Amino acid sequence: MKRYIYFILLLLAITACGNKKASENSGDNKAQAVGPSFDADSAYIFCSNQCDFGPRTMNSMAHELCGEWIMNKFREYGCTVAAQEATLTGYDGTQLKSMNIIASYRPELSERVLVCAHWDSRPWADNDPDSANWHKPVLAANDGASGVAVMLEIARLLKSDSPKLDIGVDFVCFDAEDWGVPMWSEAPYSDGTWALGAQHWSQNLHKEGYTARFGILLDMVGGQGAQFWKESTSLQYANDIVKKVWEAAKVVGYGSYFPEKEGGMITDDHVPVNEKAKIPTIDIIPYYPDCEQSNFGPTWHTISDDMDHIDKNTLKAVGQTLIQVLYSE
């Protein structure tokens, strides 16, 4: 999927608190919580709904059916939905029937914010502790479904909330993110084999002249014990947005999930969005500094990335933070 190159290897105690804590707000912080309450139960159901299709691997029936379901849910919540279809080439030459999904809230507004996540599943559990599972697909409850689930819940809240936001929001579900070279392959590693859908979208924007004030990528935002350190590419291209999001987390009482710690550089969908589409975009992605299995957490690219390892508290922390950001624009 992506790789971490961490410059700082400091251990930070992982706290998973589902309740808002006013004590996390900094003493100088005058901002107030705004916007509706993010419903973690609803987001959890959206995550489970995607997993019910099975692994959404490229060129599979589950992938096709889930894509239709995602588009219909965004339409149900009042978004204008478009499918950006393309045939992309995998690392091994496989032709991938890709579909980026673009769902737009208030498409008539020129001022916009981009929120994105990938919706495909990793075809191979190549980081599983049991080598017998390395060629099995990943259910991708966290690594894929959780980000889309948070976006769907935000879209649901935007439809029902009044007054409407004075800024448009584009929810983009990137496809073919997780087809990068598997660890068991003899093919040479290349960053370019990841984030294929985001690469395509960034060079073929769904609307001529499209731009946004900023973008926020959600990746693995439902894992147990997750914390989100500041990712280096995000700091390089969109430092002000990192500050905005981390401050919003404090305001709504979830600062413990967004520690003031810098992580490392990650190959992910936000890279082409920054470099090709020129939209300053950050990546909200977890870092587990003391996890032996992976810095992305114990279920990353394993058959254990299932609903049993999704935490509603994490979904709530990320979702409420995003609500705060959007309603503060």
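Of everything listed in (1) modelled with pLDDT of 95 or more; (2) basic (Lys, Arg); (3) open to solvent by 70 Å² or more (accessible area, probe 1.4 Å), the single unmet condition for ARG122 is (3).
Residues being of a type in the set (Phe, Trp, Tyr), under 30 Å from ASP126 (Cα atoms) and assigned to a loop (DSSP other than H, G, I, E, B) are represented in the stretch 291-302 by at least one member. Cβ-Cβ distances below 7 Å connect the following pairs, each with a first residue in the stretch 137-148 that is in contact (Cβ under 8 Å) with a residue 40 or more places away in the chain, a second residue that is open to solvent by 10 Å² or more (accessible area, probe 1.4 Å) and assigned to a helix (DSSP H, G or I), and a separation of six or more residues or different chains: LEU139/CYS51; ALA141/CYS51; ALA141/MET307; ALA141/HIS309; ASN142/HIS309; ALA145/CYS51.
Just one of LEU196, LEU218 is open to solvent by 10 Å² or more (accessible area, probe 1.4 Å) and touching a residue at least 24 places away in the same chain (Cβ under 8 Å); which is it?
Numbers: LEU218 fails: open to solvent by 10 Å² or more (accessible area, probe 1.4 Å).
Just a single option satisfies the conditions, and that option is LEU196.
Out of TRP69, TRP119, TRP124, I need the residue that is under 21 Å from the mean Cα position of the chain (by Cα) and over 26 Å from GLN320 (Cβ atoms). Which one?
On the way: TRP69 fails: over 26 Å from GLN320 (Cβ atoms); TRP119 fails: over 26 Å from GLN320 (Cβ atoms).
TRP124 is the lone residue from the list that is under 21 Å from the mean Cα position of the chain (by Cα) and over 26 Å from GLN320 (Cβ atoms).
Please indicate, with yes or no, whether at least one residue in the stretch 320-329 is open to solvent by 10 Å² or more (accessible area, probe 1.4 Å), of a type in the set (Gly, Ala, Ser), touching a residue at least 60 places away in the same chain (Cβ under 8 Å) and within 24 Å of GLY215 (Cα to Cα). Give the derivation first.
Of the stretch 320-329, the ones open to solvent by 10 Å² or more (accessible area, probe 1.4 Å) are 327-329.
Now restrict to residues that are of a type in the set (Gly, Ala, Ser): 328.
Right, trim to touching a residue at least 60 places away in the same chain (Cβ under 8 Å) and you get 328.
Narrowing further to those that are within 24 Å of GLY215 (Cα to Cα): 328.
Among the residues of the stretch 320-329, at least one is open to solvent by 10 Å² or more (accessible area, probe 1.4 Å), of a type in the set (Gly, Ala, Ser), touching a residue at least 60 places away in the same chain (Cβ under 8 Å) and within 24 Å of GLY215 (Cα to Cα), which makes the answer yes.
The values are calculated or read from the model by the stated rules, or taken from the named source; none is laboratory data. Bear in mind that the values here come from a model prediction, so they are computed numbers and not experimental data. Cβ sites come from the backbone with ideal geometry, for glycine too, and all protein chains shown count toward neighbours. The protein model used for the area step is the full one, side chains on, heavy atoms only, and it has no ligands, DNA or RNA in it. Shrake-Rupley method; radii C 1.70, N 1.55, O 1.52, S 1.80 Å.
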